[in-house]
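Notes follow the structure.
The values are calculated or read from the model by the stated rules, or taken from the named source; none is laboratory data. Predicted model, so just to flag it, every value in this text is computed and none were measured. Using ideal geometry, Cβ is built from the backbone for each residue, glycine included, and neighbour counts are taken over all protein chains shown. Keep in mind that these areas ignore ligands, DNA and RNA; they rest on the heavy atoms of the full protein, side chains included. Shrake-Rupley method; radii C 1.70, N 1.55, O 1.52, S 1.80 Å.
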Amino acid sequence: ACTLPSPRVYGYRHRARLHAALRGGVASFGFFRSGSKVVIPAGSCPVLHPSLDAAVHALAAVARRHPAAFAGCAHVRADTGWDGSVVRLILRGARGERIDLQASVVRAVQAAAGSGVGVHLDDDCPPLALGPGEDALASTGETFTQINLTQNLALVATALELAAPQPGEAVLDVYCGL
């Protein structure tokens with residue numbers, strides 16, 4: 001068995017789930033404090049892909065200015081494709097229901113993210129390419145994807161090399177979890 005280190009130490013994470021909180025009229029997004037349900041606002045996160053980090057910061061900045069727009073939000077799934085040019089933000093309530101934002105709030109998030117990142121919410125997002133090239137798989141909606149797309153491609157290449165499939169044989173890349 002071999003150990004295959006990640007090609008990237010920082011900026012590798014293409015997916016994140018943040019919890020939302022509205023306290024004292026201020027909306028914030030982040031992670032739970034250890035052993036509690038208290039949301040600690042996320043600062044810059046060096047393991048997030050830079051475009052994902054920019055989109056999360058943009059969302060947080062707009063939420064501070066428009067907290068009522070995020071009142072029912074319990075969590076946000078943020079993901080980006082291979083090249084980081086597009087970020088999808090999926091906002092959900094406590095029971096998993098979709099949280100829709102007013103068009104003006106969506107435009108504010110998009111503007112705050114900057115011109116280098118295309119931020120989309122839910123169904124407005126084109127499929128995200130999960131690898132380089134025209135034949136890459138794409139992710140839509142709430143499809144499960146690995147968080148480290150670069151590492152995933154390296155693992156698939158290693159598996160194919162070790163398996164050495166012959167013409168007519170198929171190799172499956174299957175995930176399972178709880």
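Listed by first and then second residue, the pairs with beta-carbon distance under 6 Å, at least 6 apart or on different chains, first residue in region 58-85 and more than 20 Å from Ala103 (Cα to Cα), second in a helix (DSSP H, G or I), are Thr80/Ser51; Thr80/Leu52; Trp82/Leu149; Gly84/Ser51. Is at least one residue of region 72-90 touching a Lys or Arg at 6+ places or on another chain (Cβ under 6 Å) and open to solvent by less than 10 Å² (accessible area, probe 1.4 Å)? Scanning region 72-90, I find at least one residue that is touching a Lys or Arg at 6+ places or on another chain (Cβ under 6 Å) and open to solvent by less than 10 Å² (accessible area, probe 1.4 Å), so the answer is yes.
Scanning region 59-118 for residues that are closer than 18 Å to Ser44 by Cα, aliphatic (A, V, I, L, M) and either touching a Cys at 6+ places or on another chain (Cβ under 9 Å) or assigned to a helix (DSSP H, G or I) (or both) returns Leu59, Ala60, Ala61, Val62, Ala63, Val87, Leu89, Val109, Ala112, Ala113. Residues that are within 14 Å of the chain's Cα centre (by Cα) and in a loop (DSSP other than H, G, I, E, B) within region 127-141 comprise Pro127, Leu130, Thr140, Gly141, listed in sequence order.
Filtering region 49-66 to residues that are touching a Ser or Thr at 6+ places or on another chain (Cβ under 9 Å) and either over 11 Å from Leu89 (Cβ atoms) or among the aromatic types (Phe, Trp, Tyr) (or both) leaves His49, Ser51, Asp53, His57, Ala60, Ala63, Arg64, His66. Here Cys45 meets each of (1) at pLDDT 90 or above; (2) out of contact with any Ser or Thr (no Cβ under 9 Å at 6 or more places or on another chain) with one exception, condition (1). Cβ-Cβ contacts under 6 Å between residues 6 or more apart (or on different chains), taken from a first residue in region 19-34 that is without any contact (Cβ under 8 Å) to a residue 40 or more places away in the chain to a second residue that is part of a loop (DSSP other than H, G, I, E, B) and open to solvent by less than 50 Å² (accessible area, probe 1.4 Å), are listed as Gly30/Ala42.
Among the residues of region 27-34, is any open to solvent by 30 Å² or more (accessible area, probe 1.4 Å), within 20 Å of Ala112 (Cβ to Cβ), aliphatic (A, V, I, L, M) and more than 15 Å from the chain's Cα centre (by Cα)? Checked against the condition, which is being open to solvent by 30 Å² or more (accessible area, probe 1.4 Å), within 20 Å of Ala112 (Cβ to Cβ), aliphatic (A, V, I, L, M) and more than 15 Å from the chain's Cα centre (by Cα), region 27-34 yields no hits at all. Within region 39-55, the set of residues being in contact with a Gly (Cβ under 9 Å, 6 or more places away or on another chain) and part of a helix (DSSP H, G or I) comprises Pro50, Ser51, Leu52, Asp53, Ala54. If the condition is being assigned to a strand (DSSP E or B), of a type outside the set (A, V, I, L, M) and either open to solvent by 80 Å² or more (accessible area, probe 1.4 Å) or more than 14 Å from Leu48 (Cα to Cα) (or both), then region 1-26 contributes Arg17, His19, Arg23. Quick check on Thr158: is it in contact (Cβ under 8 Å) with a residue 60 or more places away in the chain, open to solvent by less than 50 Å² (accessible area, probe 1.4 Å) and in a helix (DSSP H, G or I)? When the stated conditions are applied, Thr158 passes them.
Screening the candidates Ala170, Ala157 for the property of being farther than 20 Å from Arg8 by Cβ and more than 19 Å from the chain's Cα centre (by Cα) yields one hit, Ala170.
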